[in-house]
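As structure tokens, the structure follows; a few thoughts come after it.
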Amino acid sequence: VEMVRAAARLGRQLPGVRAQGATTTSVRAMMDGRREGKAPDGWKQVLFIETGVGADQHGQDATKACVRACRNSIEFNSIPSISKIVPGGYDQMRLYVKIGTPFPETVRTEELEKVFPYGKIQFEVVEGGLKWQSGIAIDALGDSNDDAITAVAAVTVGY
């Protein structure tokens, strides 16, 4: 603690803290082990990040699992103050959606867009999630085998 205060007084830098011009708040945050993450390129402010999980147990459809993960990430939220905290309101709100799925090359992002009622959306679909066996393949449900797919979504909201 004393070292941080001394560095701030002398204008030296420590990892994670700009000592020159450091505020009491930034020094306290560093001492508490808190650092704000980097916003996506071109963004001014990240407001919050929501996460969700979705699965397709039959049909091996990565898009279906991703749609469910996106829906799960936002389905229990209400954001009535967006028009007050985002300059330009809902039309200027930005969403950065990162999805992990075992088959990222098969995901149809135009289907994912339908989940979000407003905002400018950017998708990043990466390899992740989980492929696992459901224990049964049902022809009538479009199964080619008993593989099931789980996707994970992180939805960053800001402007």
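A short reminder: the numbers here are calculations on the coordinates, not readings from a lab. Predicted model only: the values in this text are computed from it and were never measured. Here Cβ is always computed from backbone atoms with ideal geometry, including for glycine, and neighbour counts include all displayed protein chains.
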Which distance in nm do the two modelled labels at LYS120 and ASP146 give, with both placed 7 Å along the Cα-to-Cβ direction?
4.8 nm
What order do you get for 105-116, 128-139 when each peptide is scored by the mean count of other beta carbon atoms within 10 Å, highest first?
105-116, 128-139
Environment charge at GLY89 (Cβ cut-off 15 Å; Lys +1, Arg +1, Asp -1, Glu -1):
+3
Evaluate the distance, in nm, between pseudo-label points positioned 7 Å from the Cα of ASP91 and of ILE49 along their respective Cα→Cβ axes.
3.0 nm
At what distance in nm do the modelled label points of ALA154 and SER83 sit from each other, each positioned 7 Å from its Cα along Cα→Cβ?
3.2 nm
